[in-house]
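Asker: Just dropping this structure here.
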Amino acid sequence: MGRMEERLKKAIADTANTTKKVVKQLSDNPKSSKYIPPHRHCVICYTPVPLDADPAHCGDQPCAEKHARQEKSRKRLNLMLYLFPAIAIMLFLLPILT
């Protein structure tokens with residue numbers, strides 16, 4: 001194992017230990033001042049939103065518009081990822097079948 005790998009593993013272990021300490025400090029009691037209720041974060045601006053929010057954005061107009069654009073782009077990309085290889089396979093098989 002190289003020196004870089006050892007340093008990386010040590011940094012990961014240190015981060016994990018720090019995170020465990022912080023999580024232990026948080027309380028499960030809703031009346032405690034350190035209580036954080038279960039929540040999600042807006043996929044655009046990262047503000048806390050309820051767990052049942054669907055889609056997971058805060059509801060502000062700019063966030064809703066950006067989320068809609070991202071969803072449209074994601075769907076278009078998925079379509080292209082399946083459609084273009086299918087067309088290439090058809091073009092490859094067409095001369096063989098005729």
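Asker: Within segment 71-90, how many residues are free of Cβ contacts under 8 Å to residues at least 12 places away in the same chain and either touching a strand residue (DSSP E or B) at 6+ places or on another chain (Cβ under 7 Å) or not aliphatic (A, V, I, L, M) (or both)?
Answerer: 9
Asker: For segment 30-41, does any single residue satisfy the condition of being surrounded by 10 or more Cβ atoms within 10 Å (Cβ to Cβ), over 30 Å from Lys72 (Cα atoms) and under 24 Å from the mean Cα position of the chain (by Cα)?
Answerer: Yes, the conditions are met somewhere in segment 30-41.
Asker: Right, here's the next one. Just to be sure I understand the filter: pairs with C-beta atoms under 6 Å, separated by 6 or more residues or on different chains, first member in segment 50-67 and on the phi > 0 side of the Ramachandran plot, second member basic (Lys, Arg). Which pairs pass?
Answerer: none
Asker: Scanning segment 49-76 for residues that are assigned to a helix (DSSP H, G or I) and among the aliphatic types (A, V, I, L, M), which turns out surrounded by the most Cβ atoms within 10 Å (Cβ to Cβ)?
Answerer: If we take residues in segment 49-76 being assigned to a helix (DSSP H, G or I) and among the aliphatic types (A, V, I, L, M), then Ala64 is surrounded by the most Cβ atoms within 10 Å (Cβ to Cβ).
Asker: Next up: Filter segment 35-64 down to the residues that are of a type in the set (Ser, Thr, Tyr) and in contact with a Cys (Cβ under 8 Å, 6 or more places away or on another chain) and list them by number.
Answerer: Thr47
Just so you know, all these numbers are worked out from the coordinates, no wet-lab data involved. These numbers were taken from a predicted model, which means no experiment stands behind them. No Cβ is skipped: glycine too gets one built from the backbone with ideal geometry, and neighbour counts run over all protein chains shown.
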